[in-house]
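S.K.: The structure's right below; bear with me while I get my questions together.
The values are calculated or read from the model by the stated rules, or taken from the named source; none is laboratory data. The model shown is predicted, which means the values in this text are computed figures rather than measured ones. Glycine gets a Cβ as well: all are built from the backbone with ideal geometry, and neighbour counts include every protein chain shown. What goes into the accessible areas is simple: the full protein's heavy atoms, side chains included, and nothing from ligands, DNA or RNA. Shrake-Rupley method; radii C 1.70, N 1.55, O 1.52, S 1.80 Å.
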Amino acid sequence: MVERRAFLAVAGTALAGGVLTACGSGSQDDNGIATETGAEQSTAASADVAIVNQALVVEQRAIATYRTAAQHLSGARRRTARTFEAQERMHADALASAVMALGATPATGRDRYAVPSLPDEAAVLRFAMGVEQIAVAQYLDLIPRLSSQNLRGTFASILTVEAEHLAVLREEAGQEPVPDAFVGRST
Amino acid sequence: MTRRHALRNAGGVALAASTAPLLLGVRTAFAATNGDEETMLAAVRVEQSLVVAYRTLAGSSALDPAAVALARHFGDQEQAHLDVVTKELRMLGGMVPAQPAPAMVKAGRAAVTDLRTQRALLAFAGALETNAIAAYFEAQQSLRRPVLLQATAAIMASEGQHLAVLRGALGRPPVPNAFETGQP
């Protein structure tokens, strides 16, 4: 129930922000002077669509990664992989909803993703960590490029969870879970 | 945002009332800011609070050696966050408070003194991190400059990593939610 509320909260704000942006009615300052034309807002919305779809591709890769990971893990680690897969699915659903709210089509995932050799659980953890490191780097790059403040909030909340996943995986792998003060450096 | 709300972020562990000023101060840091300079000044105050809290925690006799090491490690990372937000504030031409406010230091000491067990101290740290995440979540939606958005997003994610470790140390699921916004 808490997760559904959280999902609706972030997807809903993205939805509201997207609908507002897509209206193209232009905005005005306190003196009634237009501060942004409808055309400018439309361009910004189009740019945001491309950015959200980039993030969606990242999430689709993450879903596939944890699905594979769960098949090669056991016990508590398998449960963790399944939990993380479910969370990545919620990310993907929120991002797809945001794209549709902007009047566009969400990016579709691949049928198959490259998977390295996974001879043992340590290799599986390294594989998942690598995917999360890429996700963290992508979100850090994408957030400043978004024009929608609501979408920035959504992205930041997802980025934080990807970073948390990474910390958990590191700890499982016997590493220092938070080696650096800034994600995106050592990530 | 009320004191009760700020205290609720301890994951079910009852915290002393003396923790409320620091928790509330962090949670509401960005509430009344207007523009990037004010927001970054608020970020400096948030990070000063976190540095004070972790340094004070590390001195508590109620923590075992592993927990002391954790508090020191996270305190060092909060200092790194403070250094970056301070630098960004200076680049905006803003005035940087040289020291944490005496009231903040006093609040940190009072909180740690009143929390007698390791569990309560770790829950307090978790509540601080949760409130910091909630504050940075707000800041992400108000900041304008790309460099500041990226820096604060990275800090918010780092606070999330601290929170995940603290949750695990308290025997709770480290990542219970798909979206981390700092809400209880």
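S.K.: On the full set of protein chains, 1.4 Å probe, figure out the accessible area of residue A:139 and give it in Å² to the nearest 10.
M.R.: 0
S.K.: Work out the charge dipole of region A:51-163 with +1 on the Cβ of Lys and Arg and -1 on the Cβ of Asp and Glu about the Cα centre, then indicate which of A:143, A:122, A:51 is farthest towards its positive end.
M.R.: Farthest towards the positive end: A:122.
S.K.: Let me ask something additional. Measure out, as a whole number of angstrom, how far apart the alpha-carbon centroids of region A:93-169 and region B:17-60 sit.
M.R.: Result: 29 Å between the Cα centres.
S.K.: Heavy-atom accessible area of residue B:78 with all protein chains present, probe 1.4 Å, nearest 10 Å²?
M.R.: In the full protein context, residue B:78 sits at about 0 Å².
S.K.: Roughly how big is the B-A contact, given as buried accessible area in Å² (both sides, 1.4 Å probe, nearest 100)? Walk me through the numbers before you get to the answer.
M.R.: On the way: alone 8870 and 10100 Å², together 16000 Å².
Separately minus together, B and A give about 3000 Å² buried.
S.K.: Under 1.5 on a/c is rounded, so check that first for the protein assembly as shown, then, if it is not, pick prolate when a/b is larger than b/c and oblate when it is not; a ≥ b ≥ c are the square roots of the alpha carbon gyration tensor eigenvalues. Before the final figure, lay out each step's value.
M.R.: Details: a/c = 1.92, a/b = 1.12, b/c = 1.72.
Since a/c reaches 1.5 but b/c is at least a/b, the shape of the protein assembly as shown is classed as oblate.
S.K.: For region A:33-157, what's the relative contact order in percent, using C-alpha pairs closer than 8 Å and at least 6 residues apart?
M.R.: Values: 106 pairs, mean separation 42.8, N = 125.
About 34 percent, as a whole number.
S.K.: So with the 1.4 Å probe, I'd like the accessible area per residue for region B:33-173, rounded to whole Å². List each step's numbers first, then the result.
M.R.: Values: 5480 Å² over 141 residues.
Normalised by residue count, the accessible surface of region B:33-173 is 39 Å².
S.K.: Still on this structure: For A:79-88, what's the mean count of beta carbons from other chains sitting within 10 Å of each residue's beta carbon? Don't jump to the answer; show the numbers that get you there.
M.R.: Working: counts 1, 3, 0, 0, 5, 2, 0, 1, 5, 1.
Shielding by partners across A:79-88 averages 2.
S.K.: Which one of B:154, B:32, B:96 is farthest out on the positive end of the charge dipole of chain B, using unit charges on Cβ (Lys, Arg +1; Asp, Glu -1) and the Cα centre as origin?
M.R.: Value: B:32.
S.K.: Quick check on chain B: helices-only [θ] at 222 nm, where DSSP H runs of length 4 and up contribute -39,500 (n - 2.57) each and the sum goes over total residues. Nearest 500, please.
M.R.: -22500 deg cm²/dmol
S.K.: In debye, nearest 20, what is the charge dipole magnitude of chain B about its Cα centre with +1 on Lys and Arg Cβ and -1 on Asp and Glu Cβ, if you could check?
M.R.: Values: 17 positive and 14 negative charges, 102 e Å.
Approximately 500 debye in magnitude.
S.K.: For a test of the definition: using alpha carbon positions, the gyration tensor, and the 1.5 limit on a/c, classify region A:45-151 as rounded, prolate or oblate. Write down the numbers at each step before the final one.
M.R.: Details: a/c = 2.42, a/b = 2.18, b/c = 1.11.
It comes out prolate by the Cα gyration axes.
S.K.: For the protein assembly as shown, with only Lys/Arg (+1) and Asp/Glu (-1) charged at the beta-carbon, what is the dipole magnitude about the Cα centre, in debye rounded to 20? Walk me through the numbers before you get to the answer.
M.R.: Working: 33 positive and 35 negative charges, 205 e Å.
Taking the Cα centre of the protein assembly as shown as origin, the dipole is about 980 debye.
S.K.: Would you list the membrane-span-like helices of chain B, meaning whole DSSP H runs whose alpha-carbon atoms span at least 20 Å along their axis and whose mean Kyte-Doolittle value is at least 0.0? All intermediate terms of the calculation are to be shown ahead of the outcome.
M.R.: On the way: long enough: B:36-58 (33 Å, 0.32); B:65-91 (39 Å, -0.20); B:118-140 (33 Å, 0.50); B:146-169 (35 Å, 0.78).
Length and hydropathy pass: B:36-58, B:118-140, B:146-169.
S.K.: If you don't mind, there's one more thing I want to ask. Let me have the relative contact order for region A:96-187, percent, based on Cα pairs under 8 Å that are six or more residues apart. Don't skip to the end; give the middle numbers.
M.R.: On the way: 59 pairs, mean separation 24.7, N = 92.
Reported relative contact order: 27 percent.
S.K.: Of all the accessible heavy-atom surface of the protein assembly as shown, with the other protein chains kept in place and a 1.4 Å probe, what percent is carbon and sulfur?
M.R.: On the way: 8480 of 16000 Å².
Summing carbon and sulfur atoms, their accessible area is 53 percent of the total for the protein assembly as shown.
S.K.: Going by average Cβ density within 10 Å per residue, which order do the peptides A:167-180, B:144-157, B:13-26 take, highest to lowest? Each step should come with its number before you reach the end.
M.R.: Values: A:167-180: 18.2, B:144-157: 22.0, B:13-26: 20.2.
The packing order, highest mean first, is B:144-157, B:13-26, A:167-180.
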